[in-house]
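Taking it in order: structure first as structure tokens, then the write-up.
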Amino acid sequence: MTHHKAQVKPKDRVQAKPPPPVSVTFLGTSSGGGPILSRNCSSLAVDFGQEIWVVDAADGTLMRLHQSSIRIANITRLFITHMHADHVLGIVAILMTIMSGVGNQPGDVEKTAALGLDKKPTFNIYGPVGVRKLIRTTLQLTSVNLSGVYAVHELMSKEEENKPSVGCGVEELHANEAVGMDLVADKDGVWRDVLVEGSGRSGRGWGVSAGPIHHRVPAVGYVLQEPTPRLPLDTAALIPLLQSNAAALASLDPPIKHPLSLLSYLTSLPPPKPYTLPSGETLHPPAPSGIHPRRLVIFGDCSGGTENPTFERMCNDASLLVHECTNAAIPGAIQRGQKGMSVRTRELEPSLEKKREKQFHAVWHPQKQQQQQQQQHSPDSNNHKRKAAQQGDVQGADETPGEVLSKDELNRQATRKKALGRGHSTPDEVGTFARKINANRVVVNHFSAMFPSGHYVSTEPFPSILSPISPYPYPTPQLPPSGSGGAVPERNLTSAELHTRVILQSIADQITHVWTGVTGGVRTPNAHGEQNGTMPKNTHTRFPSESPNLEIDDGDPDANGHAQVNTNEKNDEEKSGDVLPGESESRAHSSSASVRQAITARDFMVLNIPSHELSKREEDDIRRYKEEADRVTKEWSEKGGMWVSHGGGGKGDQGKRVWLGTSTE
């Protein structure tokens, strides 16, 4: 008897295909303190090509979907991390659009309702206990007209077993609602099969598992797992073999009338059992291609990773970690006193600004009130200190660098205490968890309203920190709105915008340092207030290639008015890094740690995940980005700004040399 394995053929005829495209579009990156002009509240979309899944849906998410390049008709599933308002109030609006009943004829809804418990959903929603009740109650109270069928599946802890928010009896269901599953956590406290592989369109879907994360209310994180990539079928050999068995296959009970349908059987998910043809040949599903499957770990609000060891193992070796970073302590050299606070509060609604600033200082700077009282009774000789603080200077006349560093450490500790007390994270928690699970990419979102987004024109994850700005106060989508015509106009970079970008870069650098052990830009204090890593040695450099409209003018001009250029620079790979306690040096510097860079998400930012490991293009983009961002951050921390040459982003500005900073050079 002859046996044919579908995958056994010469390598020149059967080669592994590259993984299909997968991308993540960030639709909302603000915490519940928002939304603000530059950030909507929480939501993101994972685009698999023919199918799109949305994670969390704050109020305003539907508009973000319309503004983005996402094809709303391709959204089939919605995953909710927890029941806070800034993650769920947009669910019904999305449902109303995807399942619009505008075209319903009289009696259509009644016909759907009459199917009772036999309704089959075309749109599925997953989330903690309570999400089913929220959706059903909202639909009933607002008399929404829908077409089609949805289902809500609630993830229950062991303690919540048999306690759904509402039942799924025939009399309880909404007219357009199918019976949802009550998914109870297993003995390890996790949900391993929220969605099994092959459940998506055409049987190509990824699998989904979930686990608990710590927040003020029950919350879950999701792991999206790509099926193991496999070699393509050798159809040149298989099709003649199947056709020769056509008559025998048609006579089987049940009959196989279309022999080529076995090709789909062999590539179905999960991989099927081998199939023996009537002629005796045994067909096997394709062998693994050797390409590492991608794994996306997406968390909502949490105080740093997960406390569940089983779920942590399920997150290991993540291709991408999306983690919240609500709060962060910005070093004094970056924030530059009140100037930084003005930048960070510029998008707050005016009537709330004073209130939020007061709360901010009360929690983050408990010593500020005492300092202000001392200043009120201080002699005139201290006037220069107050003036320096107002101008953004970070070090008083009598302060040593050690005292400034101590203030940064106190600030970091107070910020961390505040965040953890509210079930949120700081860069320390994000970097630590990313390191634990050996994540290849890290993106943070859910920022406090005190962290407005940079106004980039590009939606790429690594735009030049010195690139021109969008003229709009709101984020720029990947594609201009329909009918607007043309590209988004660009404007010259401003001091306030550069300050915003440097502040956000500080957050990314803090995470990257803990995650990889490599420090870029400014030396950041560790948990003991010590400085780790090394600083780039050269600052006299121009970067015309990094931004089409700006050039750094870091040094003093020469006799001809041009910036001095020093090409004797060290690359990021030459920077030193430290090792966390209990870890080997090889672990700290493995997997190209020197070219990794955490990303602070922006609304409409699109991150492509071409493979499990970083691609060559991604590594090149990170190296280019870090080289520029590290130097800009260093210049800012030392001088409070820098000289730049505008490249024509404004009328008559071609080649104009300007100082961007918090103080006069």
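If you check SER464, SER506 for being open to solvent by less than 30 Å² (accessible area, probe 1.4 Å), modelled with pLDDT of 85 or more and under 20 Å from ASN327 (Cα atoms), only one passes: SER506.
Here PRO288 does not fit the description of being assigned by the TED database to the domain that holds ASN245, over 18 Å from ALA508 (Cα atoms) and open to solvent by 40 Å² or more (accessible area, probe 1.4 Å).
Conditions (1) outside any helix (DSSP H, G or I); (2) at positive phi; (3) of a type in the set (Val, Ile, Thr), marked per residue:
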position	(1), (2), (3)
GLY205	yes, no, no
ALA210	yes, no, no
HIS215	yes, no, no
VAL220	yes, no, yes
VAL223	yes, no, yes
THR228	yes, no, yes
LEU233	yes, no, no
LEU238	no, no, no
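Is it the case that the range 60-68 has a residue that's outside any helix (DSSP H, G or I), within 27 Å of PRO218 (Cβ to Cβ), out of contact with any Cys (no Cβ under 9 Å at 6 or more places or on another chain) and in the same structural domain as ALA151 (by the TED database)? Taking every residue of the range 60-68 in turn, none turns out to be outside any helix (DSSP H, G or I), within 27 Å of PRO218 (Cβ to Cβ), out of contact with any Cys (no Cβ under 9 Å at 6 or more places or on another chain) and in the same structural domain as ALA151 (by the TED database). VAL223 fulfils the conditions (1) open to solvent by 40 Å² or more (accessible area, probe 1.4 Å); (2) touching a Cys at 6+ places or on another chain (Cβ under 7 Å) except for a single criterion, (1). Filtered by the rule that a residue be open to solvent by 10 Å² or more (accessible area, probe 1.4 Å) and more than 23 Å from the chain's Cα centre (by Cα), the range 335-347 gives GLN335, ARG336, GLY337, GLN338, LYS339, SER342, VAL343, ARG346. Evaluate the following for ARG132: is it open to solvent by less than 30 Å² (accessible area, probe 1.4 Å), of a type in the set (Lys, Arg), touching a Ser or Thr at 6+ places or on another chain (Cβ under 8 Å) and under 21 Å from PHE79 (Cα atoms)? Taking the combined requirement at face value, the residue satisfies it. Among the residues of the range 96-109, is any surrounded by 14 or more Cβ atoms within 10 Å (Cβ to Cβ), without any contact (Cβ under 8 Å) to a residue 60 or more places away in the chain, in a helix (DSSP H, G or I) and among the hydrophobic types (A, V, I, L, M, F, W, C)? Among the residues of the range 96-109, at least one is surrounded by 14 or more Cβ atoms within 10 Å (Cβ to Cβ), without any contact (Cβ under 8 Å) to a residue 60 or more places away in the chain, in a helix (DSSP H, G or I) and among the hydrophobic types (A, V, I, L, M, F, W, C), which makes the answer yes. Inside the range 81-95, residues that are under 19 Å from the mean Cα position of the chain (by Cα) and assigned to a helix (DSSP H, G or I) make up a count of 3. Looking across the range 135-169, just one residue is in contact with a Gly (Cβ under 9 Å, 6 or more places away or on another chain), over 17 Å from MET99 (Cα atoms) and either open to solvent by 50 Å² or more (accessible area, probe 1.4 Å) or part of a helix (DSSP H, G or I) (or both), and that is LYS158.
When each of GLU177, GLU172 is tested for being more than 24 Å from ASN316 (Cβ to Cβ), exposed (fewer than 15 other Cβ atoms within 10 Å of the Cβ) and more than 26 Å from the chain's Cα centre (by Cα), the lone residue that passes is GLU172. Considering LEU27, LEU62, LEU115, which residue is open to solvent by less than 20 Å² (accessible area, probe 1.4 Å) and at pLDDT 95 or above? Just a single option satisfies the conditions, and that option is LEU27. Being at pLDDT 95 or above and in a helix (DSSP H, G or I): is that true of ASP603 here? Against the criterion (at pLDDT 95 or above and in a helix (DSSP H, G or I)), ASP603 does not qualify. Residue pairs whose Cβ atoms lie under 6 Å apart, sitting 6 or more positions apart in sequence or on different chains, and linking a residue in the range 334-363 that is closer than 15 Å to LEU37 by Cβ and hydrophobic (A, V, I, L, M, F, W, C) to a partner that is modelled with pLDDT of 85 or more and part of a helix (DSSP H, G or I), are VAL343/ALA496; VAL343/HIS499; VAL343/THR500.
The residues in the range 242-262 that are closer than 26 Å to SER289 by Cβ and open to solvent by less than 30 Å² (accessible area, probe 1.4 Å) can be counted, and the count is 3. Picking from residues in the range 303-334 that are among the polar types (S, T, N, Q) and open to solvent by 20 Å² or more (accessible area, probe 1.4 Å), the one that is nearest to ASP186 (Cα to Cα) is ASN308. Conditions first: (1) in a strand (DSSP E or B); (2) out of contact with any Ser or Thr (no Cβ under 8 Å at 6 or more places or on another chain). GLY49 passes all but one, so which condition is the exception? So GLY49 meets the others, but not (1).
Going by what's in this entry, would GLY661 be described as at pLDDT below 95, surrounded by 14 or more Cβ atoms within 10 Å (Cβ to Cβ) and either of a type outside the set (Asp, Glu) or in contact with a Cys (Cβ under 7 Å, 6 or more places away or on another chain) (or both)? Yes: the conditions hold for GLY661.
The values are calculated or read from the model by the stated rules, or taken from the named source; none is laboratory data. Quantities reported herein were computed from a predicted structural model and do not represent experimental measurements. In this analysis, Cβ positions are derived from the backbone assuming ideal geometry, glycine residues included, and neighbour counts consider all displayed protein chains. Just so you know, the surface numbers come from the protein's heavy atoms only, side chains and all, with ligands and any DNA or RNA stripped out. Shrake-Rupley method; radii C 1.70, N 1.55, O 1.52, S 1.80 Å.
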